Amino acid sequence: MDNINIVLALFGGLGIGIAIGRFLLQKVLKQEEKKIQEKANLIVKEAEIEGESIKKDKILEAKETYLKLKSEFEEEVNKKKSQIISNENKLKQKEQGISRQQEQIKRREAELESMKENISAQLQIVTKKKDDLEKIKQDQVKILERASNLTADEAKERLMEVLRNEAESKASHQIKEIVEEAKLTATKQARKIVVETIQRTASEHAIENCVSIFNIENDDIKGKIIGREGRNIRAIESATGVEIIVDDTPEAIIISGFDPVRREVARLSLHRLVTDGRIHPARIEEIVRKTEKNINEEIIEIGERTIIDLGIHGLNPELIKLVGRMRYRSSYGQNLLQHSREVAKLCATMAAELGLNSKLAKRAGLLHDIGKVWPEEQDLPHAILGMELAKKYKEHPDVCNAIGAHHDEIEMTALISPIIQACDAISGSRPGARQEVMESYIKRLRDLESLALNFDGVNKCYAIQAGRELRVIVDSDTVSDEQAGKLSFEISQKIENDMQYPGQIKITVIREMRSVSFAK
């Protein structure tokens, strides 16, 4: 029973404790809530105070900005006002100047009006005097008519005829003198420029043929080069594209081919094979490939060295390579690179003498025969092909025109074009510069004589000075002195249109009058 009471007492105490704890907890919570509320109110007040402070700062900042903008605006307005005032002052000054000019114009108009009146009066006096003179002239004409038995119109006609004949005679004489003097001066000046140009330019000419000679120490090497059943020589010919001629010529092998580059590759390959001693088809192909690579590198090096020597800049690498290929190309036995270098120097000198662009002339002179070394087969003339290559690689239009026109395939539009043509002829026609096949040389001379013989009145014709001069003998009974000059011109035009020749050809027409009688 006591235990039950104790348990009940404990439960009762526990309930009372819980009730007291809840009461105390609620009281604590109310106090905390009150503190939080007070703290929140304090934060709100601080925020309001801070907001008021920020508001005042912003208002002050806005006022400062306003005052600054107002000051700038007023300053700008003042500047514009001062500018307007300045412009108004200038306008006033201009108006004053215009007013002064108008006053001067009015004074000049008054002076001109006065002068006009004076001139009118003088004109009247002159007109009156002119009428008096005309009357006197008519009286004199009538007196002369009675004295000479000729009317005035007839006398005028006779006088005009006499004066006309005299004027024509004097004019013809003066024209002839002027033409002769111009020819003499022009020829002298042209010769001077050409001679000075040639004197300043000196270059060697390498004469090459269509064969190359490969020298060997003894004839035993010929057997190695031929190989078993000719396999080595066939391999060399197949790899290089040339013909190897092994005959009875002592200590020499002939390399034949139209392409100088191929012949040089074959010659160097043979030299390396003979030096190495190992000659068989596989070794031949290897040596030929290496030699071709070396030749290509040498071609580029020759081209670069050439443009450096001539002082030419900015040339396309492909054009530089073509310039190098000129070293292995010949034209009528004249080495093409030497010919082009000489033409470039001649062109530069002549252009400088004439006051033209010497750099462009030198560039065009070097590239004028570039179409001859293009490796691919083309149906175009080399001048047109060279012009197309120059256009392709962005050369100057004057250079392109000079290249295309140096054999008259196209019209000359650049000032340097005739210089390139002239210098090409100078280089090609210089004695010893070129070699021609005898048959083609003789054929050209015969064609030249036959062309002149086809003209009426021509008795005989002789090509002399290696085809540089054509002497034409005409019949004096059918061809007069005036017709002889015309015939010379017609023959020159016919040669220019129908024939191809280096340099120029002088046509001399000879008309000889012979009177023969016999004393018996």
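The values are calculated or read from the model by the stated rules, or taken from the named source; none is laboratory data. Computed from a predicted structure; not experimentally measured. Note that we place each Cβ from the backbone using ideal geometry, even for glycine, and neighbour counts take in every protein chain shown. These area figures cover heavy atoms from the full protein model, side chains too; ligands, DNA and RNA do not enter into them. Shrake-Rupley method; radii C 1.70, N 1.55, O 1.52, S 1.80 Å.
A few remarks follow.
- Taking (1) crowded, with 17+ Cβ neighbours inside 10 Å; (2) assigned to a helix (DSSP H, G or I); (3) at pLDDT below 80 in turn, GLN189 satisfies each apart from (1).
- The single residue among ILE295, ILE302 that is aliphatic (A, V, I, L, M), open to solvent by 10 Å² or more (accessible area, probe 1.4 Å), in a helix (DSSP H, G or I) and out of contact with any Pro (no Cβ under 8 Å at 6 or more places or on another chain) turns out to be ILE302.
- Number of the exception - ARG267 against (1) over 30 Å from GLU395 (Cβ atoms); (2) modelled with pLDDT of 85 or more; (3) surrounded by 15 or more Cβ atoms within 10 Å (Cβ to Cβ): (2)
- Filtering segment 229-272 to residues that are charged (D, E, K, R) and within 23 Å of TYR328 (Cα to Cα) leaves GLU237, GLU243, ASP259, ARG262, ARG263, GLU264, ARG267, ARG272.
- Candidate set: segment 1-10, residues that are surrounded by 10 or more Cβ atoms within 10 Å (Cβ to Cβ) and of a type in the set (Val, Ile, Thr); chosen: the one modelled with the highest pLDDT: ILE6
- Segment 409-425 - residue that is assigned to a loop (DSSP other than H, G, I, E, B) and touching a residue at least 12 places away in the same chain (Cβ under 8 Å) and, of those, farthest from ASN335 (Cα to Cα): THR413
- Within segment 227-264, tally of residues that are among the hydrophobic types (A, V, I, L, M, F, W, C) and open to solvent by 40 Å² or more (accessible area, probe 1.4 Å): 3
- For segment 249-271, the tally of residues that are of a type in the set (A, V, I, L, M, F, W, C), touching a helix residue (DSSP H, G or I) at 6+ places or on another chain (Cβ under 9 Å) and over 12 Å from VAL288 (Cα atoms) stands at 3.
Yes/no per residue for (1) farther than 29 Å from GLU298 by Cα; (2) of a type in the set (Ser, Thr, Tyr); (3) open to solvent by less than 60 Å² (accessible area, probe 1.4 Å):
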| site | (1), (2), (3) |
| --- | --- |
| LEU337 | no, no, yes |
| LEU354 | yes, no, no |
| HIS382 | no, no, yes |
| HIS396 | no, no, no |
| VAL399 | no, no, yes |
| ILE410 | yes, no, yes |
| SER417 | yes, yes, yes |
| GLN421 | yes, no, yes |
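- If you filter segment 319-335 down to residues that are closer than 16 Å to GLU301 by Cα, open to solvent by less than 10 Å² (accessible area, probe 1.4 Å) and over 21 Å from the mean Cα position of the chain (by Cα), you find that the one that is modelled with the highest pLDDT is GLY324.
- Those residues of segment 216-248 which are out of contact with any helix residue (DSSP H, G or I) (no Cβ under 8 Å at 6 or more places or on another chain) and part of a helix (DSSP H, G or I), in sequence order: ASP220, LYS222, GLY223, ARG228, GLU229, GLY230, ARG234, GLU237, SER238
- Residues that are at pLDDT below 75 and either of a type in the set (Lys, Arg) or open to solvent by 90 Å² or more (accessible area, probe 1.4 Å) (or both), drawn from segment 11-48: PHE11
- Residue in segment 273-282 that is assigned to a helix (DSSP H, G or I) and among the basic types (Lys, Arg) present: no
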